[in-house]
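Undergrad: I have a structure I would like to understand better, so I am pasting it below and will then ask my questions one at a time.
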Amino acid sequence: MKIAFVGKGGSGKTTLSSLFIRHLASTGSPVIAVDADINQHLGPALGLDDDVAADLPALGARLPLIKDYLRGSNPRIASADTMIKTTPPGEGSRLLRVRENNPVYDACAREVELDGDAVRLMVTGPFTEADLGVACYHSKTGAVELCLNHLVDGRGEYVVVDMTAGSDSFASGMFTRFDMTFLVAEPTRKGVSVYRQYKEYARDFGIALKVVGNKVQGQDDLDFLRAEVGDDLLVTVGHSDWVRAMEKGRPPRFDLLEEPNRASLRALQDAADATYEARDWERYTRQMVHFHVKNAQSWGNEKTGADLVSQVDPGFTLQESFTATA
């Protein structure tokens, strides 16, 4: 299951995504955690020292390797240089699975231990001073989108992505790559503004969207969120001494997290798992192609000097039954 955490800056989405990742790991589920935010905080939220987190291999810096591997023997893709963030797979492409080992994971993922359990962590890499004036952060998150386009995941397998703040993910088609999107919102006008943007943008794409109310301190906060987001409000999270200790770099064992917050995490997993039966791989592939054609015609063809629309394999539909090729 592919799950995104979104929200405005400071809403607590990285904290919530890290708690959810810890929860999934505690159930024994295979998990790939991805930090796709411009501010790279997921590693420290999962307990890594700042120096260790800063040394994690960046997906954005390994894009040539990623493209070369995923291209495989796809005859519609002349070279890895003609692949862009929206390039869809076709016959001959290599696919990624959550439970496998492959050159992309070897180069870009690192195992993080969480109370005896472990997850794979991948990061886009930070937006540095060297990027100012010459690079767009979406060129870094493009590596995430390309991997998601080539990912075949099944029931009980989880890819959790901590997304860029606000509505930045709508600059590409990445917002359609998820089975479930959890929008973290504080009980304030600014807190729900991103929800309204997301709801409006996602309306025509069948996006499964649920709101996680964060920093909820009482009935008035709860009533406010219910009035603003209605039935999209799934759970709320309040003050947590466990989270406070985690933010100080001294997290207790995860099983000591307060029961109301543990119950909220179980509800998030139940909501994500419930989308499995509604999966529509044909729609998923069709949306992938839609955004690739849109990007090809608006900038991709000019940038690469190739007809990127011709990369679309009309007879190909991504399916869970596919296996990655060697």
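The values are calculated or read from the model by the stated rules, or taken from the named source; none is laboratory data. Nothing here was measured: the structure is a model prediction, and the numbers come from that model. Every residue, glycine as well, gets a Cβ built from its backbone with ideal geometry; the counts of neighbours run over all protein chains shown. Accessible surface areas use protein heavy atoms only, side chains included; no ligands, DNA or RNA. Shrake-Rupley method; radii C 1.70, N 1.55, O 1.52, S 1.80 Å.
Undergrad: Considering each residue of the stretch 170-218, count those that are among the polar types (S, T, N, Q), in contact with a His (Cβ under 9 Å, 6 or more places away or on another chain) and open to solvent by 60 Å² or more (accessible area, probe 1.4 Å), and give that number.
TA: So the answer is 1.
Undergrad: With on the phi < 0 side of the Ramachandran plot, among the charged types (D, E, K, R), in contact (Cβ under 8 Å) with a residue 24 or more places away in the chain and open to solvent by 20 Å² or more (accessible area, probe 1.4 Å) as the only criterion, which of 221, 241 stands out?
TA: Among 221, 241, only 221 is on the phi < 0 side of the Ramachandran plot, among the charged types (D, E, K, R), in contact (Cβ under 8 Å) with a residue 24 or more places away in the chain and open to solvent by 20 Å² or more (accessible area, probe 1.4 Å).
Undergrad: Scan the stretch 49-72 and tell me whether some residue there is open to solvent by less than 20 Å² (accessible area, probe 1.4 Å) and in contact with a His (Cβ under 6 Å, 6 or more places away or on another chain).
TA: yes
Undergrad: Does residue 234 satisfy the condition of being under 17 Å from residue 13 (Cα atoms), in contact (Cβ under 8 Å) with a residue 24 or more places away in the chain, aliphatic (A, V, I, L, M) and touching a Pro at 6+ places or on another chain (Cβ under 8 Å)?
TA: So residue 234 does not fit the description; no.
Undergrad: Can you work out which of the residues in the stretch 1-15 that are of a type in the set (Val, Ile, Thr) and open to solvent by 10 Å² or more (accessible area, probe 1.4 Å) is farthest from residue 202 (Cα to Cα)?
TA: If we filter the stretch 1-15 for residues that are of a type in the set (Val, Ile, Thr), which is where we start, we get 3, 6, 14-15.
Applying the additional criterion that residues be open to solvent by 10 Å² or more (accessible area, probe 1.4 Å) yields 14-15.
On the way: 14: 21, 15: 24 Å.
Residue satisfying both the conditions and the ranking: 15.
Undergrad: May I pose another question? Would you mind finding the one in 18, 26, 79 that is at pLDDT 95 or above, open to solvent by 30 Å² or more (accessible area, probe 1.4 Å) and within 26 Å of residue 216 (Cα to Cα)?
TA: From the options 18, 26, 79, the qualifying one is 26.
Yes/no per residue for (1) at pLDDT 95 or above; (2) of a type in the set (Val, Ile, Thr); (3) assigned to a helix (DSSP H, G or I); (4) loosely packed, with under 12 Cβ neighbours inside 10 Å:
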| site | (1), (2), (3), (4) |
| --- | --- |
| 245 | no, no, yes, no |
| 252 | no, no, no, no |
| 266 | yes, no, yes, no |
| 273 | yes, no, yes, no |
| 295 | no, no, yes, no |
| 302 | yes, no, yes, yes |
| 313 | yes, no, no, no |
| 316 | yes, no, no, no |
| 322 | no, no, no, no |
